[in-house]
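Right, one structure below, let's go through it.
The values are calculated or read from the model by the stated rules, or taken from the named source; none is laboratory data. Everything numeric here is computed off the predicted structure, so don't read it as measured data. Here the Cβ positions follow ideal geometry from the backbone for every residue, glycine too, while neighbour counts run over all protein chains shown.
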Amino acid sequence: MLTRGNAIKQIFTQGPALTVRLVILSLLSLTLMTVDHRYHHLNPLREGLSALVYPFKLLVDLPRATSGWFKESLASRHSLQEENASLHTKQLMLQTQLQKLESLEAENLRLRALLDASFDVGKQQMLIAELMAVDLDPYRHQIQINKGSLDNLYEGQPLVDSKGIMGQLVQVGPFTATAMLITDPGHAIPVQVNRSGLRTIALGTGTTERLELPHIPNNADIRVGDLLTTSGLGGRFPSGYPVAEVIKIEQDPGQDFSFITAKPRALLNRSREVLLIWPTENRLAIEADTLTEDNTQADTSQ
Amino acid sequence: MIFIPHRGGKVIVFTFALAMVLTIAPLPESLHAYRPDWVGLVLIYWCFALPERVGVFSGWLAGLLLDVLTSGLLGQHALALCLVAYLTIKIHQQVRVFPLWQQALAVLILLAVHQLVLLWTNSVIGRPGPGLIFWIAPLIGAAIWPLIYSLLRALRHGFSVR
């Protein structure tokens with residue numbers, strides 16, 4: 001026994017101990033999965049671990065980030081001037097349109113006041129985040145963005161791009177956050193047909209270019225080309241943002257409901273920058289920040 | 001009793017980190033299903049080479065980090081990889097002496113078990129499976145096994161990890 005060497009140790013020390021370890025760890029994994037799937041108690045653990053793996057994500061994202069930096073710093077004066085000019089023109093155009101919007105908004109408010117209906121047109125606070133070039137679980141529609149709870153992001157926060165709603169945040173770590181896109185098979189968003197006001201729900205299908213509208217009767221007022229906007233009913237998404245456009249309606253007289261598909265407005269697999277919005281109900285949490293910003297602005301104006 | 005101190009733990013950690021980076025490195029969407037299970041391959045190698053150092057717990061820990069990294073269900077990869085580590089250690093004495101292509105067959109089975117656990121957990125939580133293309137990844141993993149084996153072996157001998 002005293003002369004037992006390393007080779008013998010390798011053969012005989014993994015007996016029952018190995019199996020016991022396997023059983024314990026398997027049970028632990030099963031518990032983790034159950035708790036993670038059914039409840040949300042594990043979010044602190046996930047947040048902690050996500051801070052730990054943040055360097056990996058940063059490293060993977062590095063080529064994209066540096067190429068962007070190089071492009072900016074090595075761009076010629078001429079092209080920068082050109083870009084600047086075009087941005088100026090665009091800004092001017094948008095400003096003009098905005099003026100029109102403001103008058104329309106005022107008019108809308110006046111009309112609503114006449115109708116005795118309350119309507120809050122508060123300007124929503126926004127934040128721009130960038131997509132990280134990181135591949136997540138290939139069988140879910142999720143994206144990773146480079147802002148996290150340190151920027152006051154919260155779970156369930158809506159995400160939009162310049163064309164429409166993209167999705168919502170499902171996990172928020174300190175530096176990064178994961179968003180579920182509206183096309184994920186596990187996602188549903190309450191929508192409204194812009195033309196007729198018909199309310200329904202748009203389900204993700206797992207295909208990037210397709211949403212499904214279930215349970216719409218054959219005689220409902222919906223047509224190909226109709227714009228679907230958020231109805232704001234779930235309380236998660238603010239109302240009035242474009243979501244998708246109806247592209248196909250199949251009606252089978254033998255079925256109770258028509259089979260309707262819609263195409264998301266947002267460029268779900270092309271957008272590089274996304275906007276995070278704080279719907280008005282959730283503004284309290286970030287009020288402190290805005291206040292300090294206002295103070296600094298007041299200071300500089302004095 | 002002959003006692004040989006462990007060496008080169010950093011190399012093992014580095015290979016695992018590299019595998020994780022490769023797992024989340026961006027690929028075109030059409031190639032997602034073809035990405036081999038890098039962490040699984042690295043784990044199988046170390047379990048063949050140093051079963052007394054890298055085992056069930058290392059596999060579990062790597063799996064947990066992978067779950068956080070890919071924002072998947074917490075514990076899914078952990079379960080799959082600790083099972084793979086267990087099976088690898090159980091068969092390592094037979095397989096270690098096989099020629100490389102026969103080793104690749106064993107690796108194919110191990111990776112298929114890994115994939116099976118993922119498929120099973122996915123279906124339990126009601127996530128539709130992607131179909132037959134799901135089984136491409138283990139095949140590709142087994143196909144590149146000789147390469148992985150030679151690379152990691154060179155690394156292990158170069159840094160005399162034991």
Considering only the stretch A:123-153, state which residues are among the aliphatic types (A, V, I, L, M) and not in a loop (DSSP other than H, G, I, E, B).
-> A:M126, A:L127, A:I128, A:A129, A:L131, A:I143, A:I145, A:L150
Which strands (runs of 3 or more DSSP E) sit wholly inside the stretch A:206-302 and have at least 1 residues that are modelled with pLDDT under 85 and in contact with a strand residue (DSSP E or B) (Cβ under 9 Å, 6 or more places away or on another chain)?
-> A:273-278
Out of the residues in the stretch A:52-64 that are of a type outside the set (S, T, Y) and surrounded by 15 or more Cβ atoms within 10 Å (Cβ to Cβ), which is farthest from the other protein chains (Cβ to nearest Cβ)?
-> A:L58
Could you give me the residue pairs with C-beta distances under 9 Å whose first residue belongs to the stretch A:23-42 and is within 7 Å of chain B (Cβ to nearest Cβ) and part of a helix (DSSP H, G or I), whose second residue is at pLDDT 90 or above and surrounded by fewer than 19 Cβ atoms within 10 Å (Cβ to Cβ) wherever it lies, and which are 6+ apart or on separate chains?
-> A:L25/B:F57
Would you check if B:E29 is surrounded by fewer than 18 Cβ atoms within 10 Å (Cβ to Cβ), more than 24 Å from B:R153 (Cβ to Cβ), out of contact with any Asp or Glu (no Cβ under 7 Å at 6 or more places or on another chain) and among the charged types (D, E, K, R)?
-> yes
Looking at A:T89, A:T19, A:T66, which is the one that is among the β-branched types (V, I, T), more than 30 Å from B:V56 (Cβ to Cβ), out of contact with any Ser or Thr (no Cβ under 8 Å at 6 or more places or on another chain) and modelled with pLDDT of 85 or more?
-> A:T89
